[in-house]
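Before any comments, here is the structure.
The values are calculated or read from the model by the stated rules, or taken from the named source; none is laboratory data. As the structure is a prediction and not an experimental result, all values here were calculated from the model. So basically every Cβ, Gly included, is an ideal-geometry build from the backbone, and we count neighbours across all protein chains shown. Keep in mind that these areas ignore ligands, DNA and RNA; they rest on the heavy atoms of the full protein, side chains included. Shrake-Rupley method; radii C 1.70, N 1.55, O 1.52, S 1.80 Å.
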Amino acid sequence: MKYNKTLGALICTVIIVLFSNTVFATQPPINAKIYWVGTIGQPRRVDPARAYDTASGELIMNVYETLIRFNETKILRTDVDTPYYYTRIDSFEPLLADWWTVSEDGLTWTFHIREGVKFHDWVDRNGVVHSGELLTPEDVEYSFERGLVQDQYGSPMWMLYLPLTGEHNSDVWDLDGDGVLNATEEAAAAEVLKNVITRDDGARTVTFHFAFPFPKIAFMQILSQTWGSIVNKKFAVDYGCWPGTWEPGWSHWRRYPSNAYSPLDRQVPEAGDFPPNRPTPPAMCGTGPYKFTYWDKTKLEWRVDKFKDYWRGWPAKGNPDYIETVIVRGVEEWTTRKMLFLSGDFDSIYVPRANMFELLTTEDPKSSPLTGITCFRDIEPVLANDAIFFNFKIAEGSPYVGTGKFPDGIPPNFFANTKVRQAFAYAIDFETLINDAWFGEAIQPTTWWVKGLAPDYEDTTLEKYSLNLEKVEQLLKEATFTQDGVTKSVWEWGFKFTLLYNIGNDQRKIANELLISAIESLNAKRPGLPPFEIENLGLDWPVYLDALEVGTMPAFQIGWLADFADADNFVRPFMHSLGDFTYYQSVWEDPNYDTAYIDDLIERGIKTPDGPEREAVYKELQRLYHDLVPSIPTVQPLGRRWQRFWVQGWYYNALYPGLYFYHLWKGYAPPPPPPPVSASIVYGTSVTIAGSFIDPATNMPASSILTFVQYSNDNVTWTNIYAAITDKNGRVSVTVTPPLGISYYRLNSTGYIAPLQPSVILNAEFYEELIANGTLGTPRLMSEIGQIVKVETKSIEDILTSALGPMATKSDLNSFSQSLSAEIADLRGSISSLTTLIYVSAAISIIAIILAVVSLARKRG
């Protein structure tokens with residue numbers, strides 16, 4: 001047995017398996033500190049008192065902060081095929097306020113403002129840089145009051161007006177209805193608005209005074225979102241916002257400067273406002289984890305960078321790392337966006353449902369994503385819906401209404417006719433829409449109500465609209481219009497107009513196509529009559545929103561994401577005459593739409609405690625909506641989230657407008673390295689260390705990557721002894737000659753691209769210097785360490801002495817010779833089949849010497 005054990009050790013000196021075709025997937029590509037997002041749209045605004053779309057909200061929520069936030073404790077949802085983390089929307093934590101109290105009657109909310117919180121740096125109109133300014137109660141009070149003063153149409157400020165004043169906006173003081181407040185009206189408004197929010201600088205508190213007991217959870221959800229953002233007062237005033245006083249003239253900033261842009265959003269600076277040494281709008285200054293860097297509207301790209309003085313510190317609590325820079329780029333063309341995602345240039349992207357199979361392994365929607373991609377699906381509840389909204393009074397000069405008269409166009413009041421709207425509701429094949437455009441990952445709402453609201457007041461007795469061409473024909477025959485003294489039905493008139501959708505949103509495009517196909521199919525039943533003709537046109541998102549707000553679109557599709565999970569937050573924008581959608585629809589143009597009655601019901605609903613009476617109000621509103629059809633809800637979707645596998649930290653919050661980058665990082669927690677491979681070799685033997693590396697971004701060989709061969713004598717401290725470049729197969733092969741004793745070797749793929757020929761041994765110090773001075777730029781791959789090889793190097797004398805000790809007998813030697821011959825045969829067969837090897841130079845020669853010695857011993861025996 002003694003000689004057989006010795007032989008086993010000797011064979012280990014002949015061959016060692018090193019990095020046998022291992023696929024390395026341990027770190028992200030490009031740069032672990034930069035996060036790239038590929039999307040289809042751009043923000044509309046950066047002013048939190050004005051912005052009300054999700055693209056703008058994503059930017060704002062990372063630059064600004066609120067008094068409180070949703071509880072960040074992550075909960076793992078496991079009852080779905082792809083488990084994901086989520087956070088509750090009914091549990092809250094302190095943020096810029098470190099504590100708060102609510103009076104027993106629910107009318108007084110007091111917040112204590114956190115100390116030591118720094119604002120981002122900003123530059124004033126004189127070019128002076130303001131750095132390290134601290135948050136004060138005055139900034140908090142001003143931020144909310146500025147929103148109340150500015151009070152632009154289409155802004156989220158109604159959510160503050162409602163609980164604080166009991167009104168929807170400041171129009172209640174515009175008694176003469178001329179759109180501006182005269183001196184008397186202004187003074188009356190000031191008496192109310194200046195007292196709804198107060199502060200105590202000494203106690204560092206800010207107090208909200210309610211007009212009625214607003215639902216508690218709903219108000220906390222409101223405060224936790226972008227419209228509750230706190231702005232640096234000095235910054236805002238310097239950029240032309242309301243100066244913070246209630247002196248006569250304060251209402252100059254009301255609806256200022258237009259329906260579209262606030263001073264912080266303003267696209268065209270006023271003369272002399274912004275000298276060359278000062279950034280022009282859009283401008284932002286908050287306390288959030290990221291500071292606003294730029295928004296290039298030509299490149300469709302915006303960027304934020306880590307705020308080094310962020311008060312919560314870096315990384316986020318419980319995270320091992322963080323993202324320093326986020327770049328969000330609009331790439332509307334799907335193929336380009338997809339290729340950038342697959343190559344690893346984008347970390348996450350917007351994926352249209354119609355294209356998702358290009359990122360899945362099969363045509364089954366539930367199949368696994370391609371290698372390197374993570375897809376979370378069946379995310380719910382998504383407190384959102386999509387709907388088609390009809391414009392009851394299309395703006396004069398609209399390019400989407402043909403001639404503006406039948407039959408080569410439509411009149412401005414075309415959709416102010418209830419029967420026309422009902423006809424269009426029966427012209428949509430919802431089943432096909434959900435199956436073909438959403439692949440079954442959505443449900444059809446009956447009304448504005450979405451599943452997931454609490455309490456649950458859904459009226460399940462109402463019948464959903466469905467495709468019914470007979471009803472469409474009947475309703476279009478009943479819908480009449482008088483033009484040039486002639487009265488005819490729509491069926492007789494015929495018409496021509498354009499439906500629109502935002503480019504990149506295939507579901508909305510398909511919804512239009514289905515509606516158009518159904519309406520135009522009726523032309524076969526109308527021989528001799530002017531045809532029904534509808535064009536389907538896509539617009540860029542900002543252009544689309546502009547057209548919505550100026551009222552030129554005959555109908556528009558848009559989604560609504562809940563501001564707070566209460567029935568009021570859906571019925572108000574969908575039905576109230578001053579709602580975020582219905583205001584732009586001019587619903588009062590239809591005499592059947594009783595705005596006074598409907599508005600009163602909505603106000604009663606929010607002010608009635610939960611219970612049967614409140615339920616009855618919302619069920620009546622659902623019935624009215626179903627019958628009047630001011631809009632057609634199309635889907636309430638299930639969510640999907642697409643990202644590269646190295647993205648970590650994402651979680652779902654049903655009320656977030658987008659990604660919150662503070663909790664993200666890029667990396668992959670690699671498994672513990674395998675135990676070192678041990679071997680004994682003869683001194684002077686050359687060892688070839690070879691390994692293959694895979695680019696985790698593409699799952700292809702990582703070619704042209706600088707790789708160090710590293711040496712250690714203690715398996716702790718490592719030294720780069722050589723450098724090499726991976727070849728087109730991602731392979732490195734380098735020969736080393738270990739010294740006597742114990743030594744360790746490994747390959748370290750640095751991730752840097754080196755523009756040299758592969759498989760060339762290079763000077764390690766030279767490349768260490770290139771990395772140190774940044775000449776090689778940023779690494780495409782993160783550093784990867786392969787298996788450690790422990791080598792024990794012995795002299796030939798030591799090996800022979802150990803193998804052929806003085807106590808060896810003839811029988812031992814015969815056994816040794818037979819065993820060695822068999823091992824040599826096995827070894828020759830093994831060498832040709834292994835892909836990653838450590839070769840021993842002159843191994844056969846050494847074995848020959850041993851055989852000679854054994855043979856001599858046998859003769860003498």
**Asked** Pairing the Cα long axis of helix 54-63 with the longest principal axis of the chain, what angle in degrees results, from 0 to 90 and rounded to the nearest 10?
**Response** 60 degrees
**Message:** Taking Cα extents along the principal axes in Å straight from the coordinates, which label in (i) 156, 78, 50; (ii) 129, 76, 54; (iii) 209, 58, 43 is the correct one?
**Reply:** (ii)
**Prompt:** Taking the Cα centre of the chain as the origin and placing charges on Cβ (Lys, Arg +1; Asp, Glu -1), which of H112, S686, V351 is farthest toward the positive end of the dipole?
**Reply:** S686
**Asked** Any idea what angle helix 541-550 forms with the longest principal axis of the chain, computed on alpha-carbon atoms, 0 to 90 degrees, nearest 10?
**Response** 10 degrees
**Prompt:** Which value, in debye to the nearest 20, describes the size of the charge dipole of the chain about its Cα centre when Lys and Arg Cβ atoms bear +1, Asp and Glu Cβ atoms bear -1, and nothing else is charged?
**Reply:** 4500 debye
**Fill in**
Applied in sequence order to the stretch 395-402, the curve 6.51 cos²θ - 1.76 cosθ + 1.60 (Karplus, θ = phi - 60°) yields integer Hz couplings, x standing for Gly and Pro, of 5, 4, x, 4, x, 10, 10, x
**Prompt:** Near K794, which lysines are there with a Cα under 20 Å away, not counting those fewer than 8 places off in the same chain?
**Reply:** K2, K5
**Item:** Cross-link partners of K451 among lysines (Cα-Cα below 17 Å; sequence separation of 8 or more within a chain)
**Value:** K464, K619
**Complete:** Mean accessible area per residue over the stretch 588-722 (1.4 angstrom probe, all protein chains present, square angstrom) is 38 Å²
**Asked** ³J(HN,Hα) across the stretch 196-206 via Karplus (A = 6.51, B = -1.76, C = 1.60, θ = phi - 60°), whole Hz, x for Gly/Pro?
**Response** 7, 10, 10, 9, 10, 5, x, 8, 6, 10, 10
**Request:** Could you tell me what percent of the accessible area of the stretch 196-349 is made up of carbon and sulfur, with a 1.4 Å probe and every protein chain present?
**Result:** 54 percent
**Debye, to nearest 20: dipole size of the stretch 24-149, +1 on Lys, Arg Cβ, -1 on Asp, Glu Cβ** = 600 debye
**Request:** Could you point to the residue in F497, A211, L601 farthest towards the positive end of the chain's charge dipole, with +1 and -1 charges on the Cβ of Lys/Arg and Asp/Glu respectively?
**Result:** F497
**Item:** Average Cα contact separation per residue, the chain, under 8 Å, 6 or more apart, as relative contact order %
**Value:** 18 percent
**Message:** So if I take the centroid of the Cα atoms in the stretch 720-766 and the same for the stretch 687-713, what is the distance between those two points in Å?
**Reply:** 8 Å
**Complete:** Of every hundred units of 1.4 Å-probe accessible area on the stretch 119-178, the number belonging to carbon and sulfur atoms, as a percent, is 48 percent
**the stretch 292-374: C-alpha gyration tensor shape, a/c 1.5 cut-off, then a/b vs b/c** = oblate
**Asked** Once the Cα atoms of helix 137-150 and of the chain are each reduced to a long axis, what angle between those two axes, in degrees from 0 to 90 to the nearest 10, is obtained?
**Response** 50 degrees
**Asked** What ranking, highest mean first, results for peptides 419-431, 588-600, 44-56, 203-215 when packing means the other Cβ atoms within 10 Å averaged over each residue?
**Response** 44-56, 419-431, 203-215, 588-600
**Asked** When you count, for each residue, the other Cβ atoms within 10 Å and take the mean per peptide, how do 323-333, 435-445 rank with the highest first?
**Response** 323-333, 435-445
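Which value, in Å², gives the accessible area per residue of the stretch 482-584 when a 1.4 Å probe is used on the protein heavy atoms?
On the way: 3290 Å² over 103 residues.
That works out to 32 Å² per residue.
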**Prompt:** What ranking, highest mean first, results for peptides 380-388, 74-82 when packing means the other Cβ atoms within 10 Å averaged over each residue?
**Reply:** 380-388, 74-82
**Item:** All lysines inside 22 Å of K118 as judged from Cα atoms, apart from same-chain residues fewer than 8 positions distant
**Value:** K233, K234, K291, K306, K308, K317
